[in-house]
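The values are calculated or read from the model by the stated rules, or taken from the named source; none is laboratory data. Note that this is a predicted model, so its numbers are computed, not measured. A quick note on method: Cβ atoms are made from the backbone with ideal geometry, for glycine too, and the neighbour counts reach across all protein chains shown. Keep in mind that these areas ignore ligands, DNA and RNA; they rest on the heavy atoms of the full protein, side chains included. Shrake-Rupley method; radii C 1.70, N 1.55, O 1.52, S 1.80 Å.
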Amino acid sequence: SKGNHKHYMLKEIYEQPIVVAQTLRSYLKRMEGEVSLPIPEFDLSTIKRVTIVACGTSFYAGMVAKYWFEQFARVPVDLDVASEFRYRAPVMEDGGLALFISQSGETADTLAALRHAKAEGQKIAVVVNVPTSSMAREADLLLPTHAGPEIGVASTKAFTCQLAVLAALAANLARAKGLLTRDEEREIVRHLAEAPAALNGALAYDEAIEAMAHNIAGARDVLYLGRGTDYPLALEGALKLKEISYIHAEGYAAGEMKHGPIALIDEHVPVIVIAPSGPLFDKTVSNMQEVMARGGKVVLISDYDGIQAAGEGCMATITMPKVHPLIAPLVYAVPVQLLAYHVAVLKGTDVDQPRNLAKSVTVE
Ligand code: F6R
């Protein structure tokens, strides 16, 4: 049931602290300060390359994971949407792990891609929320998310749980390759374990986000910008907004703005900038200033320090708790989900059952 919530989507957004904690329990040994896998005997040390394939929101989780696998485990990562992967003769060398991410475990394109990779001799890992699904059954390495049933068509809690599993997998891979010191592993565990509380902290801004949603509800087009792991978050924010509010939205790598999309900027196109303070902050802010200099109306999503440093002149700001960069993608998912939700409610669309969409896409 929806409990006290008006929609399943809102209920599921609010469940995130609990289900992420529940999911992390199978991937962290908190007391020991160790990361672990539900299948500890699976040998990750020989993995030479990772191929990540998924669709939609699950694909954006995979895109975040690419940054993590490269950064922590120093493995080359190939990433594609399932509907393209299958038809482009992808090169999969021996010793590769093919990783499929899916809430339902039944998405037809992803399942067909999995079978293709298996036929090519790849080890198959699956991050999946439905443990009885086809993908779960066909995996060599089953990595469940414990988000519970997701009813709203727009994926929310499954996404943050996928991110939790993928961060833990990246750390496991790094450790198997001898790239993590004990102290570094302990630090990663500590940061991941902070995610549920940080998600609660992000949810505390729900009312503030609701109050500014009218700034977006009247727009015809909205842009989302981010850099590094916030780039997939920008794509995810745009997808959430378009699928439930029917407003045209695009996510862009912040640095790509000046290569074309900046031509769209005027006072009618809100630009949502996702920029937690950290190593990439100044670069993203300079892209944001390019937008503002052209009359663009900016909504800056950052932490207190970021908003103090760069919030002036923005149409609105959304303050997030200050978090370690590793968990920022989980935390910053919350404001983009809530923003899409409140805009859709203002527009009066069917939030849980958007037009033309199905929860599980079982046709190719
Ligand atoms: C977006 C959304 C879809 C799914 C996509 C993949 O909110 O729900 O983009 O993420 O259809 O579905 P799964 O994860 O079940 O393979």
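Select from segment 290-309 the residues that are assigned to a helix (DSSP H, G or I), surrounded by fewer than 22 Cβ atoms within 10 Å (Cβ to Cβ) and touching a residue at least 12 places away in the same chain (Cβ under 8 Å) and list them in ascending order. Full working, then the answer.
In the first step, residues of segment 290-309 are kept if they are assigned to a helix (DSSP H, G or I); the result is 290-293, 304-309.
Remaining after also requiring surrounded by fewer than 22 Cβ atoms within 10 Å (Cβ to Cβ): 290, 292-293, 304-305, 307-309.
Across segment 290-309, the qualifying residues are Glu290, Met292, Tyr304, Asp305, Ile307, Ala309.
Are there any pairs, at least 6 apart or on different chains, whose C-beta atoms fall under 6 Å, with the first in segment 52-72 and touching a residue at least 40 places away in the same chain (Cβ under 8 Å) and the second open to solvent by 10 Å² or more (accessible area, probe 1.4 Å) and near the ligand (Cβ under 8 Å from one of its atoms), and if so, which?
Filtered contacts from segment 52-72: Cys55/Thr107; Thr57/Ser155.
Could you give every pair whose Cβ atoms fall below 6 Å, whose first residue belongs to segment 232-247 and is open to solvent by 10 Å² or more (accessible area, probe 1.4 Å), and whose second residue is within 11 Å of the ligand (Cβ to nearest atom), counting only separations of at least 6 or pairs across chains?
Listed pairs, sorted by first residue: Leu235/Tyr60; Glu243/Ala154; Glu243/Pro354.
State the number of residues belonging to segment 126-143 that are more than 18 Å from Thr57 (Cα to Cα) and of a type in the set (A, V, I, L, M).
4
Step by step: first the residues of segment 1-59, then only those that are in a helix (DSSP H, G or I) and hydroxyl-bearing (Ser, Thr, Tyr), then the one that is farthest from Ser104 (Cα to Cα). Which residue is that?
Start the filter on segment 1-59 by keeping residues that are in a helix (DSSP H, G or I), which leaves 8-14, 16-25, 56-59.
This time we only want the ones that are hydroxyl-bearing (Ser, Thr, Tyr), so: 8, 14, 23, 57-58.
Values: Tyr8: 17, Tyr14: 20, Thr23: 16, Thr57: 12, Ser58: 10 Å.
Selected residue: Tyr14.
One residue is enough: does segment 110-129 have a residue meeting the conditions within 11 Å of the ligand (Cβ to nearest atom) and open to solvent by 10 Å² or more (accessible area, probe 1.4 Å)?
yes
Give segment 167-193 a look and list any residue that's part of a loop (DSSP other than H, G, I, E, B) and either of a type in the set (Lys, Arg) or under 20 Å from Ala61 (Cβ atoms) (or both), or say none. Working first, answer last.
First, pick out the residues of segment 167-193 that are part of a loop (DSSP other than H, G, I, E, B): 177-181.
The answer is Lys177, and nothing else.
If I ask for residues that are among the charged types (D, E, K, R) and either over 17 Å from Ser58 (Cβ atoms) or open to solvent by less than 10 Å² (accessible area, probe 1.4 Å) (or both), which ones from segment 329-364 would you list?
In the first step, residues of segment 329-364 are kept if they are among the charged types (D, E, K, R); the result is 347, 350, 352, 355, 359, 364.
Of everything in segment 329-364, those that are among the charged types (D, E, K, R) and either over 17 Å from Ser58 (Cβ atoms) or open to solvent by less than 10 Å² (accessible area, probe 1.4 Å) (or both) turn out to be Lys347, Asp350, Asp352, Arg355.
Those residues that are open to solvent by less than 30 Å² (accessible area, probe 1.4 Å) and acidic (Asp, Glu), I need them from segment 84-109; list them, please. Working first, answer last.
Step one: of segment 84-109, the residues open to solvent by less than 30 Å² (accessible area, probe 1.4 Å) are 85, 90, 92, 96-105, 107-109.
Matches in segment 84-109: Asp109 only.
From the list Val20, Val53, Val35, Val81, pick out the single residue that is surrounded by fewer than 22 Cβ atoms within 10 Å (Cβ to Cβ) and under 29 Å from Gly226 (Cβ atoms). Walk me through it before giving the result.
Numbers: Val20 fails: surrounded by fewer than 22 Cβ atoms within 10 Å (Cβ to Cβ); Val53 fails: surrounded by fewer than 22 Cβ atoms within 10 Å (Cβ to Cβ); Val35 fails: surrounded by fewer than 22 Cβ atoms within 10 Å (Cβ to Cβ).
So the residue among Val20, Val53, Val35, Val81 that is surrounded by fewer than 22 Cβ atoms within 10 Å (Cβ to Cβ) and under 29 Å from Gly226 (Cβ atoms) is Val81.
Kindly provide the set of residues from segment 1-13 that are touching a helix residue (DSSP H, G or I) at 6+ places or on another chain (Cβ under 7 Å) and crowded, with 21+ Cβ neighbours inside 10 Å, ordered by number. Break it down into steps so the answer makes sense when it comes.
First, the residues of segment 1-13 that are touching a helix residue (DSSP H, G or I) at 6+ places or on another chain (Cβ under 7 Å): 2-3, 5, 9-10, 12-13.
Once the filter is applied, which keeps residues that are touching a helix residue (DSSP H, G or I) at 6+ places or on another chain (Cβ under 7 Å) and crowded, with 21+ Cβ neighbours inside 10 Å, segment 1-13 yields Met9, Leu10, Glu12, Ile13.
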